[in-house]
Amino acid sequence: MSSLSSKHLLGIKGLSVEDIELIFSTADNFKDVLNRPMKKVPSLRDVTVANLFFENSTRTRLSFELAERRLSADVVNFAASSSSVTKGETLIDTVNNILAMKVDIIVMRHPNAGAALFLSRHVNASIVNAGDGAHEHPTQALLDAYSIREKHGEVKGKKVVIVGDILHSRVALSNIFCLQKLGAEVMVCGPTTLMPKYISSLGVKVEHDLHKALEWCDVANMLRIQLERQDIKYFPSLREYMMLYGLDKSLLNSLSKKITVMHPGPINRGVEITSDVADSDQSIILQQVENGVAIRMAVLYLLAGKVS
């Protein structure tokens, strides 16, 4: 297999295991490129990519933009807060105006679940979902699984616990789909109020005791508390959340084995994870950031149909 089964990346659900393995092997090649003195390749020289971010984002947008520029693509950046969207322009109008500029690939983040799928049905460009509401964030899940593969040799058979705000997290959902496809066992851990009602139907274990969850796992992915998506109080205070579900060095050291610690960022230091854990030798958070560029280069390259 030398190309993806779809012209879009809308979610992990739509990818086959072969698609994921192809993205990983392509990312391996791009990691070599990123470690060279000359970090650019001409793979997307004639391709125009538009980054449409209808929600604030720093890390994901910069990671995509860096990936695009490393591939020598022409890049158009669009921030909805400073655009005609604030004047009432529809999503389709916005995109059609951008497509009139002959854009080939659209990378889009949107607050509404299903926005990327909606767009893929109305425009000819390839769509990359950079996060749609609390639904999916496929490139984050890919880079997380890729980072586990890099650290542990493979994902299959690994026990991964996702800790925190599962209810509002697109990262959690995409990670569950991706890890299960690759043969990992998945557990979710957090307060009952931050667990979606449908969670057990996804075939994951559910644990509310953080120490038990950490003793079970090989890898702990600590999620950020998404206060900006919470319209009511789901727990009494951040201090109480930290006491029950925050990972600090004493808890990490109390475990019977060494586990790998991950975080999709941005980190609320002192809430879901303390600085001495985030910066410890058991953390692969910075590797996740580096791998994010390689994974996004791989996705863009494969969607651009540049596979030889």
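Would you mind checking the pairs K40/K151; K159/K197; K158/K181; K158/K205; K13/K212; K158/K258 and listing those with alpha carbons more than 19 angstrom apart?
Numbers: K40/K151 26 Å; K159/K197 22 Å; K158/K181 12 Å; K158/K205 14 Å; K13/K212 29 Å; K158/K258 14 Å.
Distance filter (> 19 Å) returns K40/K151; K159/K197; K13/K212.
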The chain, relative contact order [Cα under 8 Å, separation at least 6], %:
21
Connecting every pair of Cα atoms under 10 Å apart in the chain and solving the GNM, the largest mean-square fluctuation among A27, A184, A116 falls on A184
Can you pull the one-decimal nm distance between simple spin-label points at D46 and S275, each 7 Å off the Cα toward Cβ?
5.2
Calculated [θ] (222 nm, deg cm²/dmol) that DSSP helices of n ≥ 4 give over the chain, each run adding -39,500 (n - 2.57):
-11500 deg cm²/dmol
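Only counting other Cβ atoms within 10 Å, I'd like M262, M242 sorted with the fewest neighbours first. Show your work: numbers first, answer last.
Values: M262 25, M242 18.
Fewest to most other Cβ atoms nearby, the residues stand as M242, M262.
Please compute the net charge surrounding V277, taking Lys and Arg as +1 and Asp and Glu as -1 over other residues with Cβ under 11 Å from its Cβ.
Numbers: positive: K249, R269; negative: D248, E272, D276, D279, D281.
Residues near V277 contribute -3 overall.
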Would you mind telling me which residue in N124, N221, N35 has the biggest mean-square fluctuation in a Gaussian network model of the chain, where springs connect alpha carbons within a distance under 10 angstrom?
N35
For the pair H122/S6, report the inter-label distance in nm, with labels modelled 7 Å from Cα in the Cβ direction.
1.9
What FRET efficiency comes out for S237 versus L99 if R0 is 45 angstrom and r is the Cβ-Cβ distance? Round to the nearest 0.05.
0.45
Answer label, with Cα Rg over 2.2 N^0.38 Å calculated from the coordinates and candidates (i) 1.48; (ii) 0.99; (iii) 1.09:
(ii)
If you build a Gaussian network model of the chain, linking Cα atoms that sit under 10 Å apart, which residue out of R69, R36, R239 swings the most?
R36
Which percentage, to the nearest 5, of the DSSP beta bridges contained in the chain is antiparallel?
5
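Since every read-out is calculated from the coordinates, none of them should be taken as a lab result. Remember, predicted model here, so these are calculated numbers, not experimental data. Glycine also receives a Cβ, built like all others from the backbone with ideal geometry; neighbour counts cover every protein chain displayed.
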